[in-house]
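The values are calculated or read from the model by the stated rules, or taken from the named source; none is laboratory data. All values reported here derive from a predicted model rather than from experimental measurement. For neighbour counting, all protein chains shown are included, and Cβ atoms are generated from backbone atoms with ideal geometry for every residue, glycine included. Keep in mind that these areas ignore ligands, DNA and RNA; they rest on the heavy atoms of the full protein, side chains included. Shrake-Rupley method; radii C 1.70, N 1.55, O 1.52, S 1.80 Å.
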Amino acid sequence: MADGSDTTLTAEQTAGEQAPQGLVAGLKAFAAGHGGAKAVIEYVGKRGARIVLVGSDGEWGDQFADDTVTAREACAKAGVTVENAWERELMDQMRPSNDLWRSMARRTMAR
């Protein structure tokens, strides 16, 4: 039996890929519009990776990348700090809009 896995994704396997300029521009625009931003990257299977952005003003949004390596590269190019996990301080900084609260309430009531 061979050591390691041939399905493990490594940085060397994706070194030739470039972060899409539209993704980088979107991250830069969000950060500029909200006084800076931090990001958490979440793997979402075949869909790729979700970059959840939290602005310094508490607003948040998201972008999608093809994979986590591309997401990290795009954040680096955009100057957005990537957090390793959802830390309490970052969660406390988020301020969901009233529209989001209403939409979540409708989903709960509809069940």
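What to note about this one:
- Each residue, residue 66 and residue 25, gets one label point 7 Å from its Cα in the Cβ direction; the gap between the two is 1.8 nm.
- Here the Karplus curve 6.51 cos²θ - 1.76 cosθ + 1.60, taken at θ = phi - 60°, turns the phi angles of the stretch 41-55 into couplings of 9, 10, 6, 10, x, 4, 5, x, 9, 9, 9, 8, 9, 10, x Hz, with x standing for Gly and Pro.
- On the basis of the beta-carbon distance and an R0 of 22 Å, residue 18 and residue 42 show a calculated FRET efficiency of 0.55.
- Per-residue surface analysis assigns residue 38 an accessible area of about 90 Å², computed on protein heavy atoms at 1.4 Å probe radius.
- Extending 7 Å from Cα along the Cβ direction at residue 88 and again at residue 56 yields two label points whose distance is 2.5 nm.
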